[in-house]
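Below is one structure; the comments refer to it alone.
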Amino acid sequence: MRLGVGRQGENLYPAFPYPSYTRLADDDLRALWAWLRAQPPVRQENRPHRLAWFAGFRPFLGVWKLLFFRPGPFRPDPARPASWNRGAYLAEAAAHCGECHTPRSITGAPKASMRYAGATRGPEGSVVPNITPDPRTGIGRWSRSDLAGYLGTGLAPDGDLAGGLMAVEIDDGLKYLNPDDRAAIAEYVLSLPPIEHAVKKPKKKQRGEFE
């Protein structure tokens, strides 16, 4: 969770979002472990990785981590209010919103200049929308209450409903947050720099591409 290292000392692929989980607080990690240990065991073989040919050599992950992984706890911004910092912690660490909503380069690293601007090839090949406060291509016309309500119900201001992986994220996780935490996430996300990026479904998925 903190360093992206497996039980046998092997480097983990960042499809497991340890670049975000590294920011989790000790108490939250302990609580997460306690909850996982309380779940009933299920006997099921893990599925093999499906990777581009150049990504299948695990030792390369050490190089990837040197280039793109920065471990360490979440650091609050003293110039921001407590609610903003709470939202930043939840969005960047616990909910790891940027892992899906930020496009990636051919190396699999998130594009820093496009944080939260959406991706044409997200998890499981899904199209992930732009959630920066750009008024034309993002959610710049949403209010904080609009976004906080969406995180709890999946209902957008225009009456549309969350679908796909976002619906799962809301139904299995975000709706259980208390209202103040959802409001804090909304405050943080709507404070991000607006990026104009119209996300469209790609014509054809190319093997080895991440965006």
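None of the figures in this text is laboratory data; all of them are computed from the coordinates on show. Keep in mind the model is a prediction, meaning the values are calculated, not measured. Neighbour counts are summed over all protein chains in view; Cβ atoms, including those assigned to glycine, are modelled from backbone coordinates with ideal geometry.
The figures follow:
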quantity: Subset of the range 127-160 (residues that are in contact with an Asp or Glu (Cβ under 7 Å, 6 or more places away or on another chain) and basic (Lys, Arg)); calculated: Arg136, Arg144
quantity: The range 113-143, residues that are surrounded by fewer than 21 Cβ atoms within 10 Å (Cβ to Cβ) and closer than 26 Å to Leu29 by Cα; calculated: Arg115, Pro123
quantity: Search result, residues across the range 139-190 that are among the charged types (D, E, K, R) and part of a loop (DSSP other than H, G, I, E, B); calculated: Arg141, Asp158, Asp160
quantity: Matching residues, the range 4-25, being aromatic (Phe, Trp, Tyr) and either outside any loop (DSSP other than H, G, I, E, B) or buried (at least 19 other Cβ atoms within 10 Å of the Cβ) (or both); calculated: Tyr18, Tyr21
quantity: Extreme residue, surrounded by the fewest Cβ atoms within 10 Å (Cβ to Cβ), among residues of the range 144-184 that are closer than 22 Å to Asp28 by Cβ and among the acidic types (Asp, Glu); calculated: Asp172
quantity: Failed criterion for Trp53 (all others in (1) more than 21 Å from Cys97 (Cα to Cα); (2) touching a Gly at 6+ places or on another chain (Cβ under 9 Å); (3) surrounded by 10 or more Cβ atoms within 10 Å (Cβ to Cβ) hold); calculated: (3)
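A quick yes/no check of all residues on (1) in a helix (DSSP H, G or I); (2) closer than 30 Å to Leu147 by Cβ:
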| residue | (1), (2) |
| --- | --- |
| Arg43 | no, no |
| Leu66 | yes, no |
| Arg80 | no, yes |
| Gly87 | yes, yes |
| Gly98 | yes, yes |
